[in-house]
Amino acid sequence: MPSPARFAGRPVDAVVFDLDGTLIDSAEDLGRAANRLLAEEGRRALSMAEVRSFIGDGARVLVERAMAATGTAAGGEALTDLTTRFIAHYESDPTAATTVYPSVPETLAALRRAGLRIAVCTNKPQTATGSVLGVLGLADLVDAAAGGDRFPVRKPDAGHLLGTLELIGVAAGRAVMVGDNEHDAAVARSAGTGAVLVTYGYARRPLAEIDVDARIDRLDGLLELLGLAAASAVDKPAPRP
């Protein structure tokens, strides 16, 4: 049965979500891993504001930014080694302080009930992505997940989003990308999907400057955008018989 969802005047069969800053707040765990690495290198710890500004481009770029912010920059084989160590620190306990944003599980469940396919397209490494989704109880609500090392390219390259859509068998013209920053908006535009940003998360540019079709303050606002339900419906208890 075709999905009843529509966005910007066209039918929608799938929604693809960014992960960090969109579905989950993982900054504290990413910061812990980064600061363990920096301590090993004899460097100062990052503030949470710094950590949040470094998230969104994958592990290697986060480490590169952390090194540059605390002393001599790193590149080449040295950066590769540092990134490997950072990932090991992070994957040892990636959900100790990570939380799911309000209305996320309910919204994903509502989208599935409406017949939509759901995917995650994130620059987080694939292994960590699977682990986080599993531990936080989101894995069963997602049809496919493509981490930053799943394909030869990653966001904002259109190939990352298009490859994710291939995993769930949906054309870009019938999908919406939901994220929190300029890379998510850019990949949506280049791939040809709808583009929605949440107003929380880790955007490095003012949201008003980012070209998207819509912005939402909570994830359940997506249901209203797609014509599926009132934005607050997922939080309302079922009426008593």
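The values are calculated or read from the model by the stated rules, or taken from the named source; none is laboratory data. Worth saying up front: this structure is predicted, and the values here are computed from it rather than measured. Every residue, glycine among them, receives a Cβ derived from its backbone with ideal geometry; neighbour counts consider all protein chains shown.
Taking into account only those residues within region 171-194 that are aliphatic (A, V, I, L, M) and assigned to a strand (DSSP E or B), which is farthest from the chain's Cα centre (by Cα)?
If we take residues in region 171-194 being aliphatic (A, V, I, L, M) and assigned to a strand (DSSP E or B), then Ala175 is farthest from the chain's Cα centre (by Cα).
Take the residues of region 6-23 that are in contact (Cβ under 8 Å) with a residue 60 or more places away in the chain and surrounded by fewer than 23 Cβ atoms within 10 Å (Cβ to Cβ): which is nearest to Ala175 (Cα to Cα)?
Checked region 6-23; the qualifying residue nearest to Ala175 (Cα to Cα) is Asp13.
How many of the residues in region 10-29 are more than 19 Å from Glu50 (Cβ to Cβ), of a type outside the set (A, V, I, L, M, F, W, C) and at pLDDT 95 or above?
Residues that pass the stated criteria total 4.
Every residue in region 30-74 that is on the phi > 0 side of the Ramachandran plot and modelled with pLDDT of 95 or more, please.
Once the filter is applied, which keeps residues that are on the phi > 0 side of the Ramachandran plot and modelled with pLDDT of 95 or more, region 30-74 yields Gly42, Gly71.
Somewhere in region 109-118, is a residue hydrophobic (A, V, I, L, M, F, W, C) and either in a loop (DSSP other than H, G, I, E, B) or in contact with a Cys (Cβ under 9 Å, 6 or more places away or on another chain) (or both)?
yes
Which one of these is surrounded by fewer than 18 Cβ atoms within 10 Å (Cβ to Cβ), of a type outside the set (Asp, Glu) and either within 15 Å of the chain's Cα centre (by Cα) or not assigned by TED's automatic domain parsing to the domain that holds Val16 (or both): Thr122, Thr129, Thr83, Thr99?
Thr99
Pairs please, first residue from region 158-185 and in contact (Cβ under 8 Å) with a residue 60 or more places away in the chain and farther than 17 Å from Leu222 by Cβ, second anywhere and of a type in the set (Asp, Glu) and not in a loop (DSSP other than H, G, I, E, B), Cβ atoms under 7 Å, 6+ apart in sequence or on different chains.
Filtered contacts from region 158-185: no entries.
Taking the options Thr72, Thr83, Thr98, Thr107, name whichever one is under 25 Å from Leu228 (Cβ atoms) and out of contact with any Pro (no Cβ under 6 Å at 6 or more places or on another chain).
The unique qualifying residue is Thr107.
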